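Taken together, the values in this text are just the output of simple stated rules run on the coordinates, not laboratory data. What you see is a predicted model; the values in this text were computed from it and never measured. With ideal geometry, Cβ positions are generated from the backbone for all residues, glycine too; neighbour counts draw on all protein chains shown.
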Amino acid sequence: MYDLIIRNARQITGDVVDIALKAGKIAKVAPKIAERAKKEISLKDNQYLSAGWIDDHVHCFEEMTLYYDYPDEIGYKKGVTTVIDAGTTGAENIGHFYELAKAAKTNVYALVNISKFGIVEQDELADLTKVQSDLVAKAISDYPNFILGIKARMSKTVVGDNGIKPLRMAKEIQKDNGNLPMMVHIGSNPPELRDILQVMEAGDVLTHCFNGKANGILDQATDQIKDFVWEAYRRGIVFDIGHGTDSFNFHVAEVALKEGLKCASISTDIYIRNRKNGPVFDMATTLAKLHEVGYSWSEIIEKITRVPAQNFHLKTKGQIAAGFDGDFTIFEIHNDKQELIDSNGHKRITDEVIVPVQTIVGGVIYDN
Ligand code: ZN
Ligand code: ZN
């Protein structure tokens, strides 16, 4: 007998299926499942179900003071079944983070900051003695089911006078550790975006892709996407939203879409302050913004399920198929008017929002 059957599960593509779970995993997906389960739920006709939402850029080590939050506050309570902490901690403190994260109901993973204490201070890459490849390698081997990759923050306030050098060190660490995923944060210059992109390779994740800064993807004089950005995009660099306090600009996202350049994955860069005071608030608000820019709901769902799972090698997440984890988000789409504000104070009024109503993590159901 199955543990759970989810009936009338309408996907955003329109397909309606029944899903049976056993021991926290998907056991069967079919148009109709005749067998019974210990527990059964049925979606209402106005509800949708997707694989559990994955937020690949958050900050949720609660003992940090600069950027911190609590995994469940930004996770299952917001419709997100899996969060990836993007470099809050480094080799010296990621073990402590791991111990705390284990208690969360939400799936928590981490990218280890190449700087050994992570973002204890804003300028973690200004002193390069903090980047010790042997320590990073040890952390990766100590926490193989927690650490998915590495993080390097490449902007002026973080790197001090070191220019592109920390990124070259990150690349070496990546190569020495089985070419694991790498996320690179961008912002103000130096280092120049052109130089950063030159070092990045296909599959590397560029977060804060639609920030509104002069050192971003948009040439502010011509109002066009910079040529070298197009070149990097075509080479296979992964463009990730990483909304954050300072890093999502409607106009940049709109120009990019008009030119045919789309983000690959959608993430919030959420932490307690931009969750409580905005402009992030939660994943659903970020999704409404991308929808307002012009992305369809079905491509939006791909960008928070299948795509991040693939980019960060989460082999049993992001899809609804037998053998995958029993992680789901049940949501509704409401025709409500809502004001949306980007990181630069620009507003858009949307008339369609996405509202998570239930989150299922490893077969356990939580109401939102
Ligand atoms: Zn960042
Ligand atoms: Zn961040």
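Descriptive notes on the structure:
- Each residue of region 183-197 was assigned a 3J(HN,Hα) from its phi angle through the Karplus curve 6.51 cos²θ - 1.76 cosθ + 1.60 (θ = phi - 60°); the sequence is 10, 10, 8, 10, x, 6, 9, x, x, 6, 4, 4, 5, 4, 5 Hz, with glycine and proline shown as x.
- Taking amide H atoms as placed 1.01 Å from N in the peptide plane, the amide H of VAL112 lies under 5 Å from those of LEU148, GLY149, ILE150, LYS151, each 5 or more residues away in sequence or on another chain.
- Amide hydrogen neighbours beyond the local backbone of ASP123, cut-off 5 Å, H modeled: none
- Rounded to the nearest 20, the Cβ-based charge dipole of the chain about its Cα centre (Lys and Arg +1, Asp and Glu -1) stands at 840 debye.
- Dipole of the chain, positive direction: furthest Cα of ILE150, VAL280, ASN335, with charges on the beta-carbon: ASN335
- Fraction of the pair-distance distribution of region 53-311 above 34 Å, Cα-Cα pairs, percent: 9
- A simple rule links phi to the HN-Hα coupling: the Karplus curve 6.51 cos²θ - 1.76 cosθ + 1.60 with θ = phi - 60°, which for region 89-100 gives 10, x, 4, 6, 10, 6, x, 5, 4, 4, 4, 6 Hz, with x for Gly and Pro.
- Within straight-line cross-link reach of LYS226, lysines at Cα separation under 29 Å, skipping those fewer than 8 residues along the same chain: LYS151, LYS156, LYS165, LYS171, LYS175, LYS213, LYS258, LYS262, LYS289, LYS303, LYS347
- Contact order, relative form, for region 72-227: 17 percent (alpha carbon pairs under 8 Å, 6 or more residues apart, mean separation divided by residue count).
- Interchain or long-range residues, amide H under 5 Å from GLY362's placed H: GLY326, ASP327, PHE328
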